[in-house]
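Asker: Pasting a structure below so you can have a look.
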Amino acid sequence: MFKEVESLGINYGQVANNLPPPEKVLQLLHALKITKARIYDTNPQVLTTFANTNIELIVTVENQMLATLCDQQQALQWVTSHIRPYFPATNITGIAVGNEIFTDENMSLMTYLVPAMVSIHTALVKTGLSQYIQVSSPNSLAVLANSYPPSAGSFRTDLNEIMQQFLQFLATTKSPFWINAYPYFAYKDNPNKISLDYVLFNSNEGMIDPYTKLHYDNMLYAQVDAAIFAIARMGFNGLEVKISETGWPSKGDSNEIGATLQNAAIYNRNILRRQLLNEGTPLRPNVRLDIYLFALFNEDMKPGPTSERNYGLFQPDGTMAYNVGLLSTTSSNTEPASASISLASSAPPMVRKHTTLNLYIH
C-alpha cells in the first residue's frame, strides 16, 4: 500500500554544526513527501528557502525572548520583522511561543508566557495575519500530575492559575494545545513494569481505562487522552490536542534502557502506519491526530545524555539513521533510480530521486 501521509510533520532542529543548508533540507522534505515542519527559531535563511513551496511551517519564539515580547510594541515589531516579510510566500501556519515553559528551570518564564502570547496574537491581528497563523506553546507531559489511567488526567495543582489563563487564550483564539509526548522516557524509567510492545505500538494486550472502558493499545494515545481529560477538568472540553514532538532515540548511554536503533525504527515506523489510517485516539476516534516527529536530523551539539543527539531519522550527511519505511521507488516499481540527492559533495546517497516517494507499508 502506497499513500502520502497528510497529518505527519517533522521537527527540523538545528543544534548542530554539520547540518546541510536549508536548500538541501527542502529537497529532502520534498522527497519524503512531508509537507509540515517546525523549526525552533525564525531563521531567515530557512524562511526564505521555504518560500513558494508546499511546506506548512511552524516557527518558534525562543524562550529568552518571552519577557521582551510581553510588551505589545515589541511584539508588533517582532511580527513585523520576523513574520510579515516572509508571509504568505512562506506558509507560516503557527507560532510556538517558547518551548516547554511550564517545566523550564527558569520558573519566571511562566509569568511571561500568556502575556507574550496575547501580545503576539494582537500583533498578528494588527498586521492582518491572525486568521492564518495560530499562536500556542508546546508543553512537556510533565505538566500533568496524573496521566494514568487517561481518564484521571489532571494538571499539576501549582499550575492551576496560569494554566487556566493559558487554556482560556487557546479557547478564545481557537488554537491547539501542543504537547511533547515521549513514551520512551516512561519506558526508560520503568522498564520492568512497562511493556516495550505497548510503548512501541507493537501488538499487545494494552490496557482498559476502568472508568471510560476505552481500550488503549499504545502509550502515546493514552498520554494524549490524559491531556484531553486534564484540559476538560479545567473547563475547556473542546480544545484540540496535537503532538508537537514525539520520537525515539536510536542510541543512548548505558543507563538509557531501550535507546536502540531497532526500537527507534519500530516506534517511528509504527507511528507512520497509524498516520496512514488518519487515526484519532480512543477518546476522540474521529478527530485525526496530528503528529510532528522529532527529529529530522541527529544534532551533534545538543547537551545532555547521548540519546539527545540521536533522535534523527537522518544523519547530517544525508544517510538514513535507520529505515522507517519511507522508500523511494521507480515509476515501474522495479529497481530504485540511481540518481540521488546529495547533501554534501562527499555525502552518500540520501533519498533516491524519482517522480514520487511514498510511505511503504510491508
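Asker: Looking at region 15-40 only, could you name the residues that are modelled with pLDDT of 95 or more, within 18 Å of the chain's Cα centre (by Cα) and open to solvent by less than 40 Å² (accessible area, probe 1.4 Å)?
Answerer: Val25, Leu26, Lys36, Ala37, Arg38, Ile39
Asker: Suppose we keep only residues that are among the hydroxyl-bearing types (Ser, Thr, Tyr) and outside any helix (DSSP H, G or I) within region 81-93. Which one would you say is nearest to Ser108 (Cα to Cα)?
Answerer: Within region 81-93, the match that is nearest to Ser108 (Cα to Cα) is Thr93.
Asker: Also: Scan region 244-261 residue by residue and report those that are among the aliphatic types (A, V, I, L, M) and in a loop (DSSP other than H, G, I, E, B).
Answerer: Of everything in region 244-261, those that are among the aliphatic types (A, V, I, L, M) and in a loop (DSSP other than H, G, I, E, B) turn out to be Ile257, Ala259.
Asker: Which of the residues spanning region 11-21 are out of contact with any Leu (no Cβ under 9 Å at 6 or more places or on another chain) and of a type outside the set (S, T, N, Q)?
Answerer: Matches in region 11-21: Val15, Ala16.
Asker: For region 185-198, what are the residues that are in contact with a helix residue (DSSP H, G or I) (Cβ under 7 Å, 6 or more places away or on another chain) and either touching a residue at least 24 places away in the same chain (Cβ under 8 Å) or closer than 28 Å to Val125 by Cβ (or both)?
Answerer: Ala186, Tyr187, Ile194, Leu196
Asker: Would you point out the residue of region 150-173, among those that are without any contact (Cβ under 8 Å) to a residue 12 or more places away in the chain and among the charged types (D, E, K, R), that is most open to solvent (accessible area, probe 1.4 Å)?
Answerer: Selected residue: Glu161.
Asker: I would also like to ask the following. Need pairs with beta-carbon distance below 7 Å; first residue free of Cβ contacts under 8 Å to residues at least 40 places away in the same chain and of a type in the set (Ser, Thr, Tyr) and within region 289-304, second assigned to a loop (DSSP other than H, G, I, E, B) and open to solvent by 10 Å² or more (accessible area, probe 1.4 Å); sequence gap 6+ or separate chains.
Answerer: Close Cβ pairs satisfying both conditions: none exist.
Asker: Tally time: how many residues in region 229-240 are assigned to a helix (DSSP H, G or I) and open to solvent by 10 Å² or more (accessible area, probe 1.4 Å)?
Answerer: Final tally of qualifying residues: 3.
Asker: Residues of region 183-214 being within 21 Å of Gly252 (Cα to Cα), hydrophobic (A, V, I, L, M, F, W, C) and part of a loop (DSSP other than H, G, I, E, B), which ones?
Answerer: Of everything in region 183-214, those that are within 21 Å of Gly252 (Cα to Cα), hydrophobic (A, V, I, L, M, F, W, C) and part of a loop (DSSP other than H, G, I, E, B) turn out to be Ile194, Phe201.
Asker: Of the residues in region 173-199, how many are more than 23 Å from the chain's Cα centre (by Cα) and of a type outside the set (Gly, Ala, Ser)?
Answerer: Going through region 173-199 one residue at a time, the tally reaches 5.
Asker: Does region 241-259 contain any residue that is within 18 Å of Asp290 (Cβ to Cβ), charged (D, E, K, R) and open to solvent by less than 10 Å² (accessible area, probe 1.4 Å)?
Answerer: no
Asker: Another question about this same structure. Can you report the number of residues in region 99-146 which are surrounded by 15 or more Cβ atoms within 10 Å (Cβ to Cβ) and part of a helix (DSSP H, G or I)?
Answerer: Result for region 99-146: 20.
Asker: Let me ask you something else. If I ask for residues that are under 24 Å from Lys24 (Cβ atoms) and crowded, with 17+ Cβ neighbours inside 10 Å, which ones from region 260-301 would you list?
Answerer: The answer is Ala264, Ala265, Asn268, Leu272, Tyr292, Leu293, Phe294, Ala295, Leu296, Phe297, Asn298, Glu299.
Asker: Taking the options Gly128, Gly98, name whichever one is under 21 Å from Val46 (Cα atoms) and either of a type in the set (Gly, Ala, Ser) or over 18 Å from the mean Cα position of the chain (by Cα) (or both).
Answerer: The match here is Gly98.
The values are calculated or read from the model by the stated rules, or taken from the named source; none is laboratory data. Note that the structure is predicted; figures quoted are calculated from it, not measured. Cβ coordinates were reconstructed from backbone atoms using ideal geometry, including for glycine residues, and neighbour counts include every protein chain displayed. For the accessible areas, the whole protein counts, side chains as well, though only heavy atoms, and no ligand, DNA or RNA atoms are used. Shrake-Rupley method; radii C 1.70, N 1.55, O 1.52, S 1.80 Å.
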